[in-house]
Amino acid sequence: MAERQPTLAKLPRKSPFGSYVYALNFNVGVVKVGLTSSPSKRIRTYLTTLLPFGISIADQWVSEPHGQAEDNEALLLEFCRARASTVMNREYFAGLAFSDVTAFAATLPYVAIRTGPSAPVPSETRYIRWRQIAAIIQNRIDDGTYPAGSRVPSVVDISTEFEVAASTAQKVLGHLKSEGLIRTEVGLGSFVEPKS
């Protein structure tokens, strides 16, 4: 179940629970939106690179680390592109109120990754949402929820159930197909391959 996207007060380092979406408001009226695995390192780089030119960060917003950060970055970039008077290098925007950006960013879908003694810590430093969804569907295939020959969820079904972009759902199905777990029949959908 998605909830409102939390905002971090302090700049964190890398997390095993995903990447971070961020927005920076520079003192020259430019807003930068992006994705990073380490907000403290990324923002420190901006500060040291831009300071000699008299540019500083006037305000910032950083999400919690999460598996659907790539999708949320795309949504935030789309929001900014539609409202900015000028778009520079895909991720820099002028003529855009930073308060509007952060208000929209706070509404981005966010599914917290379970933590605690019963939840395993992902082994990858960058935890990717599509891999998590692929593992869930693979478990459903393994436990017989989707028996051999049965249809697996479509791109639309996966997007709806897990509240992710269609591109993420396509990655899930592509991965399952490359693993030999499903086959795709054009116009009909994807089906569970029989176990050999």
*asked:* Suppose the Debye formula is applied to equal point scatterers at every Cα of segment 35-90; what is log10 I(q)/I(0) at q = 0.16 Å⁻¹?
replied: -0.66
*Using a 10 Å cut-off on Cβ atoms, rank the peptides 165-176, 146-157, 184-195 from the highest mean neighbour count down.*
165-176, 146-157, 184-195
_Residue-by-residue Karplus 3J(HN,Hα) for segment 87-102, coefficients 6.51, -1.76, 1.60, Hz, glycine and proline x_ = 10, 10, 6, 6, 10, 10, 9, 10, x, 9, 6, 4, 5, 5, 4, 5
_Under a crude label model (7 Å from the Cα following the beta-carbon direction), how far is residue 55 from residue 163 in nanometres?_
3.5
*Taking all protein chains together and a probe of 1.4 Å, list 140, 81, 44 from the most accessible to the least accessible.*
44, 81, 140
_Kirkwood hydrodynamic radius (C-alpha pairs) into Stokes-Einstein, segment 157-196, 10 °C and 1.306 mPa s, D in µm²/s_ = 147
*Sequence-distant or interchain residues sharing an amide H contact under 5 Å with residue 108, placed H: which?*
5
_Largest-first principal axis extents of the Cα set of segment 17-64 (Å)_ = 35, 18, 12
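The values are calculated or read from the model by the stated rules, or taken from the named source; none is laboratory data. Model, not experiment: these values are computed from the prediction. Cβ: placed from backbone, ideal geometry, glycine included. Neighbour counts: every protein chain shown. Ligands, DNA and RNA are stripped out before the accessible areas are found, and what is left, the full protein with its side chains, is counted by its heavy atoms. Shrake-Rupley method; radii C 1.70, N 1.55, O 1.52, S 1.80 Å.
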